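Before any comments, here is the structure.
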Amino acid sequence: MKIMEFDFNPQKMIVNPSDQKLRRLAMEQGGIITQFGNMAVISNIRNRSAKFTEVILKDLNDEKRDLIRDVFEYVKSIEI
């Protein structure tokens, strides 16, 4: 898949997993079951803040192209 002129090829993409698969994946990454039977997961990302958000498609220069290319290369090595 192409996004802009970059190839988007993640290593593996999990699309619409079942509830059971989501629970299993969460447990593998440190999730716990509460006393009420709910899943509790701690994430490093707490929220999306405007001060950390940058629109890079506007005025796309070489530095921003390199950043996009680096992110797409990283995505090839992880499951999303």
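The values are calculated or read from the model by the stated rules, or taken from the named source; none is laboratory data. As the structure is a prediction and not an experimental result, all values here were calculated from the model. Note that each Cβ is placed from the backbone with ideal geometry, even for glycine, and that neighbours are counted across all protein chains shown. Only protein heavy atoms, including side chains, enter the accessible area calculation; ligands, DNA and RNA are left aside. Shrake-Rupley method; radii C 1.70, N 1.55, O 1.52, S 1.80 Å.
Before moving on, here are some points about what is shown:
- Inter-site label distance for Met1 and Ile32 at 7 Å from Cα along Cβ, in nm: 3.6 nm
- Extension gain (nm, one decimal) between Leu22 and Ser49, 0.36 nm per residue minus Cα-Cα: 7.1 nm
- In summary, the convex hull built on the alpha carbon positions of the chain has an orientation-averaged projected area of 7.5 nm².
- Relative contact order of the chain, taken over Cα pairs closer than 8 Å and 6 or more residues apart, is 54 percent.
- The alpha-carbon of Lys12 sits under 22 angstrom from the alpha-carbons of these lysines, leaving out residues fewer than 8 places away in its chain: Lys2, Lys21, Lys76.
- Helix 62-75 vs. the chain, principal-axis angle (Cα, 0 to 90°, nearest 10): 30 degrees
- Each of Gln20, Val75, Ala50 was placed along the dipole of the chain (beta-carbon charges, centred on the mean Cα), and the one lying farthest toward the positive end is Gln20.
- Remark: accessible surface ordering of Glu63, Glu54 (largest first) is Glu63, Glu54, probe radius 1.4 Å.
- Computed with a 1.4 Å probe over protein heavy atoms only, the accessible area of Asp70 comes to about 100 Å².
- Protein heavy-atom accessible surface, 1.4 Å probe, per residue over the chain: 89 Å².
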